[in-house]
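Worksheet: one structure, shown below.
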Amino acid sequence: MPELSREWQIWLKDNLQRGCSVASMVEAMVSAGFDAQQASAAVAAVSVGKDIPLKESIRPPVGEYIYDDWPIALLGNRIDGGDGWATVVMRCEKPQALVLDGVLSDNECDEVIARAKTKLRRSTTVDPLSGEESVIAQRSSEGTFFALREDDLIARLDARIARLMCCPVENGEGLQILRYGVGGEYRPHFDYFPPADPGSAKHIAQGGQRVATLVIYLSDVDQGGATIFPDVGLTVNPRKGSAVYFRYTNSQGQIDPLSLHGGAPVEGGEKWIMTKWVRQRRYS
Ligand code: PD2
Ligand code: ZN
């Protein structure tokens, strides 16, 4: 039985669910560099519901990742956002994660939602093979992006977030806004581009690997919708104006397998978030 990375396993399951033919999937795997026999065996196994062992070299074993000192300007339990302070209410060392209160005011949350509402589209994820954005069941939300410093409000938020995350504004991608209705979720995934995936190269070419994420909650959620880190049993409940920060690429370029995370299904009400991803180098 061939060994496959987590990303390839997800890709196989999603494509089977979408009704792709076995032949087209084998062909895609072969053009990504797999041996034809191995590709056929993998597609055949997944199509009859068999588990394929995970390839350890692609999902690095826990313990190898070296945690840098916190690259965040913590002053006691607070971080300076330039135009206000955020409070650290939870800190996790492995993976490096912080829960922050007071990142956005209620008015700012409402204003961002109002601006995003008119341009929502079904969310996409990066196809591990081609690197193209595609709609998959893995991610059932609607979303939109704001260009860096798109308007005065967004520029103020980009600047505050960069200060909180301790990185240049230009290393950040444009803010992404997501809305999940009841049942909406984002199944566990990594925010970094898996280095072994053929589709990652074109994303890493601009600005390098993703280093850290800040998920800001723009709304309270009546029930469900937590951000979860399943490998370490961490659950962060959404609260309007608060955020969860996590870091998964260290100064040596290693990636942290414990940063696996997801958005649990919303069970009541709706969930709005704003996400900032930061790269190793200037991105925009
Ligand atoms: O909605 C979330 O809580 C969530 C969970 C995991 C968002 C993201 N990842 C993301 O935007 O990357
Ligand atoms: Zn994520």
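The values are calculated or read from the model by the stated rules, or taken from the named source; none is laboratory data. For clarity, every value in this text was computed on a predicted model and none was experimentally measured. Here Cβ is always computed from backbone atoms with ideal geometry, including for glycine, and neighbour counts include all displayed protein chains.
Is it the case that some residue within segment 238-246 is among the aromatic types (Phe, Trp, Tyr), in contact with a strand residue (DSSP E or B) (Cβ under 6 Å, 6 or more places away or on another chain) and over 25 Å from Asp110 (Cβ atoms)? If you could, list the steps in order and put the result at the bottom.
Quick first cut of segment 238-246, residues among the aromatic types (Phe, Trp, Tyr) only: 245-246.
From what's left, in contact with a strand residue (DSSP E or B) (Cβ under 6 Å, 6 or more places away or on another chain): 245-246.
Filter again for over 25 Å from Asp110 (Cβ atoms), leaving 246.
Within segment 238-246 (the criterion being among the aromatic types (Phe, Trp, Tyr), in contact with a strand residue (DSSP E or B) (Cβ under 6 Å, 6 or more places away or on another chain) and over 25 Å from Asp110 (Cβ atoms)), the answer is yes, since at least one residue qualifies.
Checked against the criteria, Gly241 counts as closer than 22 Å to Ile154 by Cα, away from ligand 1 (no atom under 14 Å from the Cβ) and out of contact with any Gly (no Cβ under 6 Å at 6 or more places or on another chain).
Any chance you could count how many residues in segment 255-270 are under 16 Å from the mean Cα position of the chain (by Cα) and under 26 Å from Gly174 (Cβ atoms)?
Looking only at segment 255-270, we keep the residues that are under 16 Å from the mean Cα position of the chain (by Cα), and these are 255-265.
Next cut, under 26 Å from Gly174 (Cβ atoms) only: 255-256, 259-264.
So the answer is 8.
Ile177 falls short of the stated requirement of being of a type in the set (A, V, I, L, M, F, W, C) and more than 16 Å from ligand 2 (Cβ to nearest atom). None of Val232, Val244, Val278, Val266 is buried (at least 22 other Cβ atoms within 10 Å of the Cβ) and more than 30 Å from Lys202 (Cα to Cα) except Val266.
Residues of segment 226-284 that are aliphatic (A, V, I, L, M) and outside any strand (DSSP E or B): Ala226, Val232, Leu258, Leu260, Ala264.
Residue by residue through segment 180-209, note down the ones that are among the small types (Gly, Ala, Ser), in a loop (DSSP other than H, G, I, E, B) and more than 15 Å from ligand 2 (Cβ to nearest atom).
The first filter runs over segment 180-209 and keeps only residues among the small types (Gly, Ala, Ser), leaving 181, 183-184, 196, 199-201, 205, 207-208.
Next, from what is left, pick out any that are in a loop (DSSP other than H, G, I, E, B): 181, 183-184, 196, 205, 207-208.
If the condition is that a residue be among the small types (Gly, Ala, Ser), in a loop (DSSP other than H, G, I, E, B) and more than 15 Å from ligand 2 (Cβ to nearest atom), then Gly181, Gly183, Ala196, Ala205, Gly207, Gly208 are the ones that fit.
State whether one or more residues within segment 200-221 are among the acidic types (Asp, Glu) and in contact with a Phe, Trp or Tyr (Cβ under 8 Å, 6 or more places away or on another chain).
Initial filter on segment 200-221 (among the acidic types (Asp, Glu)): 220.
Add one more test, that the residue is in contact with a Phe, Trp or Tyr (Cβ under 8 Å, 6 or more places away or on another chain), and what stays is none.
Checking segment 200-221: not a single residue is among the acidic types (Asp, Glu) and in contact with a Phe, Trp or Tyr (Cβ under 8 Å, 6 or more places away or on another chain).
Scanning segment 48-58 finds no residues that are at pLDDT 95 or above, surrounded by 12 or more Cβ atoms within 10 Å (Cβ to Cβ) and in contact with a Leu (Cβ under 9 Å, 6 or more places away or on another chain). Within segment 227-242, the set of residues being under 19 Å from Val89 (Cα atoms) and either at pLDDT below 95 or within 13 Å of ligand 2 (Cβ to nearest atom) (or both) comprises Thr227, Ile228, Phe229, Val236.
Would you check if Gln38 is farther than 19 Å from Thr213 by Cα, modelled with pLDDT of 70 or more and more than 27 Å from the chain's Cα centre (by Cα)?
On the way: farther than 19 Å from Thr213 by Cα: yes; modelled with pLDDT of 70 or more: yes; more than 27 Å from the chain's Cα centre (by Cα): yes.
Answer is yes for this residue.
Residues considered: Ser219, Ser284. Of these, the only one that is more than 21 Å from Cys167 (Cβ to Cβ), of a type outside the set (D, E, K, R) and more than 16 Å from ligand 2 (Cβ to nearest atom) is Ser219. Residues in segment 173-181 include at least one that is surrounded by fewer than 19 Cβ atoms within 10 Å (Cβ to Cβ), within 14 Å of ligand 1 (Cβ to nearest atom) and within 26 Å of Gly19 (Cβ to Cβ).
Number of residues in segment 243-261 that are in contact with an Asp or Glu (Cβ under 6 Å, 6 or more places away or on another chain) and within 15 Å of ligand 2 (Cβ to nearest atom): the value is 3.
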